[in-house]
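S.K.: One structure, pasted below without further comment.
What follows is calculated from the coordinates using simple rules that are stated; it is not laboratory data. Remember, predicted model here, so these are calculated numbers, not experimental data. Positions of Cβ are backbone-derived with ideal geometry, glycine not excepted, and every protein chain shown enters the neighbour counts.
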Amino acid sequence: MENSKARFRELFGKDPDRIYFSPGRVNLIGEHIDYNGGHVLPFAVSLGITGLVSFNEGNEIQVASSDFKDEIIRFTTDDLKKTDDFSMYIKGVLYILKEDYNVKPDNGFSLFLTSNLPKSPGLASSASLEMLISRIMNDKLSLGLSDTELAVVSKNAENRYVGVNCGIMDQFAVAMGKQDNCILLDTNTLKYEYVPLYTPGARLVIINTNKPRNLIESKYNERRMECDEALKLLKGETLCRNDVEDISELVEILKKRARHAITEEIRVNDACAALKERDMEKLGKLLKESHRSLRYDYEVTGKELDVIADALNSSSLCYGARMTGAGFGGCLVALMKAVDDSALKLLMEDVNAVYNKETGLNLSYYTLTPADGTRRII
Ligand code: GLA
């Protein structure tokens, strides 16, 4: 923290007034159904983005990030033109506050960001940044918005400003995270409950494919359109709550997308039961089935995720593993047996040997546990 404060002083010639932290998220299960009215089971993690901020006299906003060493991006509260850099997530939130709540910051600000989230996609760094800004603005402008409302502001920023048609899961998980718990969220009503993530005899490991970001946004939007198309041809308000028998008339591609949405919803329900019963075998099996459905029906995995999932899912040390997040690269979540660090390292070296041979890339892995949501720390 002292290093970040010193860097803030170097960049902006003053001390920060406030410091905020916003986490990343892992989704345990319930993938690609937050825009299909389904239930999801994510948790916020202890890694995330720290934002040091001080407010200015005029209307200039200056932002810098430790990931982009020397660059200060400057704009004003009146000029929220989109540029192709991380400031779009900040401008997006300001844009939505203006459009939907008719509020504009009275002052500009200087903001320095540091992140210990992995650089490659998968752990919701954009939602984390959007929630950080939403929270800073809520406090500074005394808007009195609830955590749920701030998650909606952040999601709208992503949909209507950034241009990714995501659901609410990431922003909600980042906002509402609670230590030791997953969040069972009904994305149709935004009702939620905390489910303790207690995994006796097991440990959760996150594996990063380290695949460079590539066309995720356009492929994501394409899947969403396919689901909207399938829903139009079916009954009901949400794709997830149809029955598998109802989809037999759909053309093959829409049938596959709908089948994933419907069966994934059932798996979330079963996973909650497995967690409550502390049945790790059952939970692992559901993770495996989820990956298979995302691979063959939803077609959002790709070689990198599949090679790692196959290696883990055939190991006797793993209950089950699946991709987490949007897919097309990114990360996996694996429910491992309660191996110690050195046994885990050996297994991951074996998995990486196969992975590297198949893809030329190297994986990384982390042990992450559920942590609290976006908050002011100083
Ligand atoms: C991304 C989106 C989420 C969700 C997941 C897939 O992370 O931001 O809204 O759709 O993909 O489950």
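S.K.: Would you order I247, I377 from fewest to most other beta-carbon atoms within 10 Å of each residue's own beta-carbon? Intermediate values should be presented prior to the final figure.
M.R.: Values: I247 20, I377 10.
In order of increasing Cβ crowding within 10 Å: I377, I247.
S.K.: Let me have the relative contact order for the chain, percent, based on Cα pairs under 8 Å that are six or more residues apart.
M.R.: Numbers: 804 pairs, mean separation 90.1, N = 378.
Rounded, it is 24 percent for the chain.
S.K.: Separate question: Mind putting a number on the dipole of the chain about its Cα centre? Charges go on the C-beta only, +1 for Lys and Arg and -1 for Asp and Glu, and I need it in Debye to the nearest 20.
M.R.: Its charge dipole is roughly 400 debye.
S.K.: Over region 36-153, what is the relative contact order in whole percent, taking alpha-carbon pairs under 8 Å and six or more residues apart? Show your work: numbers first, answer last.
M.R.: Values: 146 pairs, mean separation 39.7, N = 118.
Relative contact order here is 34 percent.
S.K.: Which order results if E149, E2 are arranged by neighbouring Cβ count within 10 Å, fewest first? Before the final figure, lay out the partial values.
M.R.: Working: E149 17, E2 6.
Least to most surrounded, the residues fall as E2, E149.
S.K.: Once R0 is set to 25 Å, what does the formula 1/(1 + (r/R0)^6) return for the Cβ-Cβ distance between S314 and R213, expressed as a FRET efficiency to the nearest 0.05? All intermediate terms of the calculation are to be shown ahead of the outcome.
M.R.: Numbers: r = 28 Å, r/R0 = 1.14.
Efficiency computed from Cβ-Cβ geometry: 0.30.
S.K.: Also, I was wondering about something else. When the chain is treated as a GNM, springs tying every alpha-carbon pair under 10 Å, which of F21, F86, F68 comes out with the largest mean-square fluctuation?
M.R.: In the Gaussian network model the winner is F68.
S.K.: Would you mind computing Rg(Cα) / (2.2 N^0.38 Å) for the chain, counting N as its residues?
M.R.: Working: Rg = 20.8 Å, N = 378, 2.2 N^0.38 = 21.0 Å.
For the chain, the normalised Cα radius of gyration is 0.99.
S.K.: Another question, then. Kindly state, as a whole number, the per residue volume in cubic angstrom of the convex hull around the alpha carbon atoms of region 1-139.
M.R.: Measuring per residue, one finds 128 Å³ for the Cα hull of region 1-139.
S.K.: Helix-only estimate, please: 222 nm mean residue ellipticity of the chain, summing -39500 (n - 2.57) across DSSP H runs of length 4 or more and dividing by its residues, to the nearest 500.
M.R.: Details: 10 runs with 151 residues, N = 378.
Mean residue ellipticity, 222 nm, calculated: -13000 deg cm²/dmol.
S.K.: Region 231-378: Rg/Rh from Cα coordinates, Kirkwood Rh?
M.R.: Numbers: Rg = 17.6 Å, Rh = 17.1 Å.
Expressed as Rg/Rh, it is 1.03.
S.K.: Multiply the residue separation of T369 and E222 by 0.36 nm, subtract the distance between their alpha-carbon atoms, and state the gained length in nm to one decimal.
M.R.: On the way: separation 147, 0.36 × 147 = 52.92 nm, distance 3.20 nm.
In short, 49.7 nm is gained.
S.K.: Points 7 angstrom from Cα along the Cβ direction at R74 and I378: gap in nanometres?
M.R.: In this crude label model, R74 to I378 measures out at 2.6 nm.
S.K.: Going 7 Å from the Cα of N362 in the Cα-to-Cβ direction, what parts of region 207-221 have a backbone nitrogen less than 16 Å from that spot?
M.R.: 208-212
S.K.: Quick one: the Cα spread of region 303-344 along its three principal axes, in angstroms, biggest first?
M.R.: 30, 17, 16
S.K.: Which entries in K178/K276; K288/K337; K81/K104; K104/K155 show an alpha-carbon gap greater than 25 Å? Write down the numbers at each step before the final one.
M.R.: On the way: K178/K276 17 Å; K288/K337 15 Å; K81/K104 15 Å; K104/K155 18 Å.
In this structure, no pair lies more than 25 Å apart at Cα.
S.K.: At q = 0.15, 0.20, 0.21 Å⁻¹, what log₁₀ I(q)/I(0) does a Debye calculation on the Cα points of region 53-128 give, no solvent, two decimals?
M.R.: Log10 of I(q)/I(0), two decimals: -0.55, -0.94, -1.02.
S.K.: Arranged by the count of other C-beta atoms within 10 angstrom, fewest first, what order do F43, F8 take? Can you show the working numbers first?
M.R.: Values: F43 27, F8 22.
In order of increasing Cβ crowding within 10 Å: F8, F43.
S.K.: Okay, moving on. For region 189-194, what does the Karplus curve 6.51 cos²θ - 1.76 cosθ + 1.60, with θ = phi - 60°, yield as ³J(HN,Hα) per residue in whole Hz, taken in order and with x for Gly and Pro?
M.R.: For region 189-194, the Karplus-derived couplings read 10, 6, 6, 8, 9, 8 Hz, x marking Gly and Pro.
S.K.: To continue, here is another question. Which loop GluC sites (Glu not before Pro) in region 230-287, with loop taken from DSSP, have no more than 12 other Cβ atoms within 10 angstrom of their Cβ? Write out the running numbers ahead of the final one.
M.R.: Working: sites: E237, E245, E249, E252, E264, E265, E277, E281; in loops: E237, E249.
Counting only loop positions with at most 12 other Cβ atoms within 10 Å, the GluC sites (Glu not before Pro) in region 230-287 are E237, E249.
S.K.: Given the C-alpha centroids of region 344-378 and region 322-339, what is the distance between them in whole angstrom?
M.R.: 9 Å
S.K.: Another question, if that's okay. With just the Cα atoms of region 7-47, tell me how far they stretch along each of the three principal axes, in Å, largest first.
M.R.: Extents along the principal axes, in whole Å: 48, 19, 14.
S.K.: Which residue fluctuates the most in the chain, going by a Gaussian network model with Cα springs under 10 Å, if the choices are N181, N356, N165?
M.R.: Highest fluctuation of the listed residues: N356.
S.K.: Also, quick follow-up: What longest region of the chain stays clear of trypsin sites (Lys or Arg not before Pro) that DSSP places outside H, G, I, E and B and that have at most 16 other Cβ atoms within 10 Å?
M.R.: Between exposed loop sites, the widest span is 279-378.
S.K.: Continuing with this model, one more query. Averaging sequence separations of C-alpha pairs under 8 Å and six or more residues apart, then dividing by the length of region 121-243, give the relative contact order as a whole percent. List each step's numbers first, then the result.
M.R.: Values: 97 pairs, mean separation 23.6, N = 123.
With pairs under 8 Å counted, the relative contact order is 19 percent.
S.K.: Have a look at D228, D34, D246 and tell me which one the Gaussian network model of the chain (Cα, springs below 10 Å) gives the largest fluctuation.
M.R.: D246
S.K.: I want to make sure I understand the PRE zone here: with the label point 7 angstrom from the Cα of D139 toward its beta carbon, which residues in region 55-84 have backbone N atoms less than 12 Å away?
M.R.: Answer for this model: 55.
S.K.: Please give, to one decimal in nm, the separation of the simple spin-label points placed at A338 and F55, each 7 Å out from Cα toward the Cβ.
M.R.: 5.0 nm
S.K.: About the Cα centre of region 36-139, what is the dipole size in debye to 20, counting +1 per Lys and Arg Cβ and -1 per Asp and Glu Cβ, all else neutral?
M.R.: On the way: 9 positive and 14 negative charges, 55 e Å.
Using only the charged Cβ atoms, the result is roughly 260 debye.
S.K.: Then there's this: Which lysines have a Cα lying under 16 Å from the Cα of K232, excluding residues fewer than 8 positions away in the same chain?
M.R.: Excluding near neighbours in sequence, the set is K255, K256.
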